[in-house]
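The values are calculated or read from the model by the stated rules, or taken from the named source; none is laboratory data. Computed from a predicted model, the values in this text were never measured in an experiment. A quick note on method: Cβ atoms are made from the backbone with ideal geometry, for glycine too, and the neighbour counts reach across all protein chains shown. Remember, those area values only see protein heavy atoms, side chains included, never the ligands or the DNA or RNA. Shrake-Rupley method; radii C 1.70, N 1.55, O 1.52, S 1.80 Å.
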Amino acid sequence: MGDKVPRTLGVLGGMGPLATVDFLNKLTQATPAARDQDHIPMVVHFCPQIPDRSDALAAQAPSPLPSMMAAAQQIERAGAQALVIPCNTAHAWYEELSASLGIPLLHIVDAAVAQIPLALRHEPVGLLATRGTLASGIYTLRQPGLNWVQPLEQEMSDWVMPAVRAVKSGDLDRAGQFLQSAILSLQRRGARSIMLGCTELPLAHAGDAHDVPLIDATQALALSAIRWALDRG
């Protein structure tokens, strides 16, 4: 990569913990580096005590915005030149967070949608995400031109939210069973690709073969962050 140092990336993590570790692992593995010094310098703020985002959007928990804003500003003061948040639901507060910073906040939805195969952009896209992400419309409102297939309430109750909770409790095998059921159900309802729009869900995916492409929002955000960090002008 030469002697140019990549730009410093800020990571506001801990929402949830395993999802942040997964993001950092995917970013590190995808970085084109031949030695330690080629990797991206990062300021990582790991904040699992931030109030639950989905609960906040359902008025069942305090707003996470003050905690996220304080952490993001601390990351900026520590020298980060851009920020990423490996949590989809947190992007419901994207505008407020972005306005509070003097550095760019890369949007996970933009990164994820860019990974949908071009041949499938006009086909139905299944969206698996938390209730908070779905209710906030961070995917459907930011990308209204796509034909989104969202889970039905029973699919959310029986499979999607149990998969998220299982990852957060460390039971990845059980999470994978729930996720498999959710994917098959959306596929039966016409989805030609599936967006894993919650950063817990890729951890539930154990590499099972599917008839439709799965879009990993965590991996997409990592690739977007790498492109930003290595674009040194």
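Only a single item in (1) in a helix (DSSP H, G or I); (2) open to solvent by less than 10 Å² (accessible area, probe 1.4 Å); (3) under 15 Å from PRO124 (Cα atoms) is not met by MET156, and it is number (3).
The residue pairs whose first member lies in region 132-152 and is closer than 19 Å to HIS122 by Cα, whose second member is hydroxyl-bearing (Ser, Thr, Tyr) and surrounded by fewer than 22 Cβ atoms within 10 Å (Cβ to Cβ), and whose beta carbons are closer than 6 Å, counting only pairs six or more residues apart or on different chains, are TRP148/THR140.
Given (1) of a type in the set (A, V, I, L, M, F, W, C); (2) touching a residue at least 40 places away in the same chain (Cβ under 8 Å); (3) surrounded by fewer than 23 Cβ atoms within 10 Å (Cβ to Cβ); (4) closer than 18 Å to ASP216 by Cβ, where does VAL84 come up short, assuming only one miss? Exception for VAL84: condition (3). Of all residues in region 176-188, none satisfies being part of a loop (DSSP other than H, G, I, E, B) and either touching a residue at least 12 places away in the same chain (Cβ under 8 Å) or over 16 Å from the mean Cα position of the chain (by Cα) (or both). Could you tell me whether any residue of region 186-201 is open to solvent by 10 Å² or more (accessible area, probe 1.4 Å), farther than 20 Å from VAL84 by Cα and hydrophobic (A, V, I, L, M, F, W, C)? No, that holds for no residue.
Within region 44-76, if we keep just the residues that are touching a strand residue (DSSP E or B) at 6+ places or on another chain (Cβ under 9 Å) and of a type outside the set (A, V, I, L, M, F, W, C), the residue that is farthest from VAL109 (Cα to Cα) turns out to be GLN74.
Restricting attention to region 112-131, the residues that are modelled with pLDDT of 95 or more, touching a Lys or Arg at 6+ places or on another chain (Cβ under 9 Å) and not in a loop (DSSP other than H, G, I, E, B) add up to 3. If the condition is being buried (at least 18 other Cβ atoms within 10 Å of the Cβ), part of a loop (DSSP other than H, G, I, E, B) and touching a Leu at 6+ places or on another chain (Cβ under 9 Å), then region 132-145 contributes only TYR139.
Annotation for region 169-191: at least one member residue is modelled with pLDDT of 95 or more and closer than 21 Å to ALA56 by Cβ.
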